[in-house]
Amino acid sequence: KAGVTQTPRYLIKTRGQQVTLSCSPISGHRSVSWYQQTPGQGLQFLFEYFSETQRNKGNFPGRFSGRQFSNSRSEMNVSTLELGDSALYLCASSLVPGTNTEAFFGQGTRLTVV
Amino acid sequence: GESVGLHLPTLSVQEGDNSIINCAYSNSASDYFIWYKQESGKGPQFIIDIRSNMDKRQGQRVTVLLNKTVKHLSLQIAATQPGDSAVYFCAEKSAGNTGKLIFGQGTTLQVKP
C-alpha cells in the first residue's frame, strides 16, 4: 500500500509570506504528527492530530498551525515566514496514538525561506 | 527538559564489521523506543522498535538493547554493508495517549569498503 505522501517536495518562499504543506497518511492510519528537521536542532515535534483534533503541540510559536481533515489528511501552515523556518518538514502517520505502534515518515517537504 | 542524546556523532566502520550505535534517554516514563535510519534526501525509515517491558529485540541483521536501569538504548548492526551508511536516530515515546516522539541528535554511520 502507498506510504506517507507529502506535497510539495520542495518549496522556496520569501520572508513574510505564508506556506501550506500537505500530508496524506498511510491508508487506515488516523494519527498524523509533524516534525521540523534542521541541522542545528535535529528533529523537533511540531504537533499531533487524531480524529481532526490537535492532541499535542510542541514548543513552536503560534505562526505554526495545522489541521486534520475527516479523511485523516493533514496540512500545516506557517505564516509570516522567517529565514529560520528553512527546514525539512516531516509528517509521520500511525494507526492511533498511544498504542506503541510504528510511526512511518514521508519524504518531507524541503522549505527554503529567502 | 526531556531529551534523548547520542554518544557519538559519527561512527566509521569497515564493511563486514558489526556496528553499535548508542543512545541515552532521560525520561524514565518513556515506554516505547524506535530506531530510524535516514538517508540523504529521504525521510526517516523505521528500523526496529522495543517496548519498555523488553530488554532485547532482534530483527534482520539488527538488534536493539534497552537498559532501563541506566536509561540506555543501543542499535547493533551485524555485518555492516555500504548500504547501511546513513544517519541513525533513536526516538522515545512517553507513556500515555500520545504519539509524540522525542528524537536524539543522530549518529552518522560511515561504512568503508
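The values are calculated or read from the model by the stated rules, or taken from the named source; none is laboratory data. Treat the numbers as computed from the prediction; the structure is a model and nothing was measured. Virtual Cβ from ideal backbone geometry, glycine too; neighbours counted across all protein chains shown.
Look at A:Glu75 and say whether it is within 8 Å of chain B (Cβ to nearest Cβ), charged (D, E, K, R) and either farther than 14 Å from B:Thr98 by Cβ or surrounded by fewer than 16 Cβ atoms within 10 Å (Cβ to Cβ) (or both).
Details: within 8 Å of chain B (Cβ to nearest Cβ): no; charged (D, E, K, R): yes; either farther than 14 Å from B:Thr98 by Cβ or surrounded by fewer than 16 Cβ atoms within 10 Å (Cβ to Cβ) (or both): yes.
Here the answer is no, as A:Glu75 does not meet what is asked.
Which pairs have Cβ atoms under 9 Å, sit 6 or more apart or on different chains, and link a residue in the stretch B:27-46 that is among the acidic types (Asp, Glu) to one that is in a strand (DSSP E or B)?
B:Asp31/B:Arg51; B:Asp31/B:Glu92; B:Asp31/B:Lys93; B:Asp31/B:Ser94; B:Glu39/B:Gln45; B:Glu39/B:Ala86; B:Glu39/B:Val87
Of everything in the stretch A:78-113, what is small (Gly, Ala, Ser), away from chain B (no Cβ under 14 Å) and in contact (Cβ under 8 Å) with a residue 40 or more places away in the chain? Give them in sequence order.
Across the stretch A:78-113, the qualifying residues are A:Ser79, A:Ser86.
Answer yes or no: is there a residue in the stretch A:78-91 that is touching a strand residue (DSSP E or B) at 6+ places or on another chain (Cβ under 7 Å), within 18 Å of B:Ile34 (Cα to Cα) and at pLDDT 95 or above.
Yes, that holds for at least one residue.
Within the group B:Ala29, B:Ala91, which residue is under 9 Å from the mean Cα position of the chain (by Cα) and either over 20 Å from B:Leu11 (Cβ atoms) or within 14 Å of chain A (Cβ to nearest Cβ) (or both)?
Only one candidate qualifies: B:Ala91.
Only one of (1) basic (Lys, Arg); (2) more than 14 Å from chain A (Cβ to nearest Cβ); (3) under 10 Å from the mean Cα position of the chain (by Cα) fails for B:Arg61. Which number is that?
(3)
On the given criteria, is B:Lys42 more than 14 Å from the chain's Cα centre (by Cα) and either surrounded by 14 or more Cβ atoms within 10 Å (Cβ to Cβ) or under 25 Å from A:Val32 (Cα atoms) (or both)?
The answer is yes for B:Lys42.
Of all residues being more than 19 Å from A:Ile12 (Cβ to Cβ) and of a type in the set (Phe, Trp, Tyr) in the stretch A:57-72, which is surrounded by the fewest Cβ atoms within 10 Å (Cβ to Cβ)? Just the residue, please.
We begin by selecting, within the stretch A:57-72, every residue more than 19 Å from A:Ile12 (Cβ to Cβ); these are A:57-62, A:65-72.
Narrowing the set further to residues that are of a type in the set (Phe, Trp, Tyr) leaves A:60, A:69.
Numbers: A:Phe60: 16, A:Phe69: 12.
By that ranking, first place goes to A:Phe69.
Here are B:Ala95, B:Ala91: which of them is touching a strand residue (DSSP E or B) at 6+ places or on another chain (Cβ under 6 Å) and surrounded by 17 or more Cβ atoms within 10 Å (Cβ to Cβ)?
B:Ala91
Does B:Val87 meet the test of being more than 21 Å from A:Gln44 (Cα to Cα), aliphatic (A, V, I, L, M) and modelled with pLDDT of 90 or more?
no
For B:Lys56, state whether it is more than 10 Å from chain A (Cβ to nearest Cβ), in contact (Cβ under 8 Å) with a residue 40 or more places away in the chain and surrounded by fewer than 19 Cβ atoms within 10 Å (Cβ to Cβ).
Considered against the rule, which asks whether it is more than 10 Å from chain A (Cβ to nearest Cβ), in contact (Cβ under 8 Å) with a residue 40 or more places away in the chain and surrounded by fewer than 19 Cβ atoms within 10 Å (Cβ to Cβ), B:Lys56 comes out as no.
Quick test for you: out of A:Leu21, A:Leu11, A:Leu43, pick the one residue that is at the interface with another protein chain (Cβ under 10 Å from one of its Cβ atoms) and either aliphatic (A, V, I, L, M) or touching a helix residue (DSSP H, G or I) at 6+ places or on another chain (Cβ under 9 Å) (or both).
Values: A:Leu21 fails: at the interface with another protein chain (Cβ under 10 Å from one of its Cβ atoms); A:Leu11 fails: at the interface with another protein chain (Cβ under 10 Å from one of its Cβ atoms).
Unique residue meeting the criteria: A:Leu43.
Got a sec? Which of B:Asn22, B:Asn27 is outside any loop (DSSP other than H, G, I, E, B) and either in contact with a Ser or Thr (Cβ under 8 Å, 6 or more places away or on another chain) or more than 27 Å from A:Gly108 (Cβ to Cβ) (or both)?
Testing whether each residue is outside any loop (DSSP other than H, G, I, E, B) and either in contact with a Ser or Thr (Cβ under 8 Å, 6 or more places away or on another chain) or more than 27 Å from A:Gly108 (Cβ to Cβ) (or both) leaves just B:Asn22.
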